[in-house]
Amino acid sequence: MEKPRFRAELLHPRYWFTWLLFALWFLVAQLPYRWQLGLGRTLGRLMLRLAPSRRTIAERNLALCFPELSDDERTQLLQRNFESNGIALMETGMAWFRSSRWLRKRLQVEGLEQLQAPQARGQGVVLMAMHFTTLEIGAAFMAMCHKVDGMYRPHKNPVYDYMQRKGRERHGEDSEVYQRKDVRGMLRALKNGRAVWYAPDQDYGIKQGVFAPLFGQPAATVTGTSRFARVGRALVVPYTVTRLPGDDGYRMKVYPPIEEIPSGDELQDAILVNEFVEARMRENPEQYMWVHRRFKTRPEGAPNVYEGVRKKKKKKRKKSLK
């Protein structure tokens, strides 16, 4: 995709409120790091009260995945998780509006050679990410450390879309961005020895996936990881970014390649992906995005995990101004 360009239509009065919100977001991002963490936790506690549908989704996910915890333990985990979601909003501002130098001061890196070694010999890499609340700042950290191409889904608000693209691409040099549906572009990049960011841990339905166990539950899991590795002749290299206690910053860890993928069996590969993802989720459950409907697609006859939870109505896209 071409680089984001500012257009006169973005100054239309209908977008002034969006620009105001971004101005406030920018100012908040300039606050001391410790203050932003505290503000994020407070925001997360407000979200817990004011977003009942998301709270219910997270509650049901936690009950399904951690039946061994008591009700009190899950309630405490739920609160910490929403605080983590609030901090994630602050971290998005940090990633989009603070300098690479400022961010580097808060980063510890482990295992980067696991990515650098195959790249040095021209091997394409599927850089497997996961939907932790550190996702946005984690992408910025990786872009500062290694050249990585990314996936992208346009936002319906053109001002937000412009700012999001600018924010995400400011830390990486010579990186490409692909629409989520641009499979050919991603495969071409992998065959050319590039590293492509890819997160396979959400429910995108079963048309291009299989049911693979996750926390003992059948979870619709995309088989893209397997196909990209096979057709793109690429290695699957996972990485995580963990928020450290207090204000100690972050640890980015790059893991050894999952050599067994592709195995020739997409179900087996999906099982391997979910086993890895589950292990990381268990390590830091409070930092995972439990507010997503991870188990919305169910096998025939299985009960709806989110029965009674109000679904967000899809709005029709408005035509761009000319």
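When the range 10-23 is limited to residues that are part of a helix (DSSP H, G or I) and of a type outside the set (A, V, I, L, M), the one that is farthest from the chain's Cα centre (by Cα) turns out to be Pro13. Answer yes or no as to whether Phe26 is over 24 Å from Glu283 (Cα atoms) and either within 24 Å of the chain's Cα centre (by Cα) or of a type in the set (Phe, Trp, Tyr) (or both). Against the criterion (over 24 Å from Glu283 (Cα atoms) and either within 24 Å of the chain's Cα centre (by Cα) or of a type in the set (Phe, Trp, Tyr) (or both)), Phe26 qualifies.
Looking at Gly185, is it over 16 Å from the mean Cα position of the chain (by Cα) and assigned to a loop (DSSP other than H, G, I, E, B)? It is false that Gly185 is over 16 Å from the mean Cα position of the chain (by Cα) and assigned to a loop (DSSP other than H, G, I, E, B). Restricting attention to the range 121-158, the residues that are within 23 Å of Ile261 (Cβ to Cβ), in contact (Cβ under 8 Å) with a residue 40 or more places away in the chain and not hydrophobic (A, V, I, L, M, F, W, C) total 9.
Say whether the condition of being touching a Ser or Thr at 6+ places or on another chain (Cβ under 8 Å), at pLDDT 95 or above and either assigned to a loop (DSSP other than H, G, I, E, B) or among the hydroxyl-bearing types (Ser, Thr, Tyr) (or both) is met by at least one residue in the range 95-115. No, every residue in the range 95-115 fails to be touching a Ser or Thr at 6+ places or on another chain (Cβ under 8 Å), at pLDDT 95 or above and either assigned to a loop (DSSP other than H, G, I, E, B) or among the hydroxyl-bearing types (Ser, Thr, Tyr) (or both).
Could you say whether any residue in the range 266-287 is in a loop (DSSP other than H, G, I, E, B) and either at pLDDT below 95 or exposed (fewer than 12 other Cβ atoms within 10 Å of the Cβ) (or both)? No, the conditions are met nowhere in the range 266-287. Is the range 54-71 home to any residue that is crowded, with 19+ Cβ neighbours inside 10 Å, within 29 Å of Leu27 (Cα to Cα) and either touching a Pro at 6+ places or on another chain (Cβ under 7 Å) or small (Gly, Ala, Ser) (or both)? No, the conditions are met nowhere in the range 54-71. If you filter the range 188-237 down to residues that are of a type in the set (D, E, K, R) and under 26 Å from Glu283 (Cβ atoms), you find that the one that is surrounded by the fewest Cβ atoms within 10 Å (Cβ to Cβ) is Asp203.
If you filter the range 294-322 down to residues that are in contact with an Asp or Glu (Cβ under 6 Å, 6 or more places away or on another chain) and at pLDDT 90 or above, you find that the one that is surrounded by the most Cβ atoms within 10 Å (Cβ to Cβ) is Arg294.
The number of residues in the range 116-147 that are outside any loop (DSSP other than H, G, I, E, B), within 17 Å of Arg251 (Cβ to Cβ) and not hydrophobic (A, V, I, L, M, F, W, C) comes to 2. I'd like the residue in the range 245-273 that is small (Gly, Ala, Ser) and under 22 Å from the mean Cα position of the chain (by Cα) and, out of all such residues, is nearest to Gln116 (Cα to Cα). Top of the filtered list is Gly249. If the condition is being within 21 Å of Tyr160 (Cβ to Cβ) and of a type in the set (A, V, I, L, M, F, W, C), then the range 82-139 contributes Ile87, Ala88, Leu89, Met90, Met94, Ala95, Trp96, Phe97, Leu135, Ile137, Ala139.
Hey, among the residues in the range 252-263 that are in contact with a Ser or Thr (Cβ under 9 Å, 6 or more places away or on another chain) and over 14 Å from Ala129 (Cα atoms), which one's surrounded by the fewest Cβ atoms within 10 Å (Cβ to Cβ)? Step by step, filter the range 252-263, then rank; the result is Ser263.
Leu62 - would you say it is more than 16 Å from the chain's Cα centre (by Cα) and not β-branched (Val, Ile, Thr)? Quick ask: steps written out before the conclusion?
Working: more than 16 Å from the chain's Cα centre (by Cα): yes; not β-branched (Val, Ile, Thr): yes.
Against the criterion (more than 16 Å from the chain's Cα centre (by Cα) and not β-branched (Val, Ile, Thr)), Leu62 qualifies.
The values are calculated or read from the model by the stated rules, or taken from the named source; none is laboratory data. Worth saying up front: this structure is predicted, and the values here are computed from it rather than measured. Neighbour counts run over all protein chains shown; Cβ positions are idealised from the backbone, glycine included.
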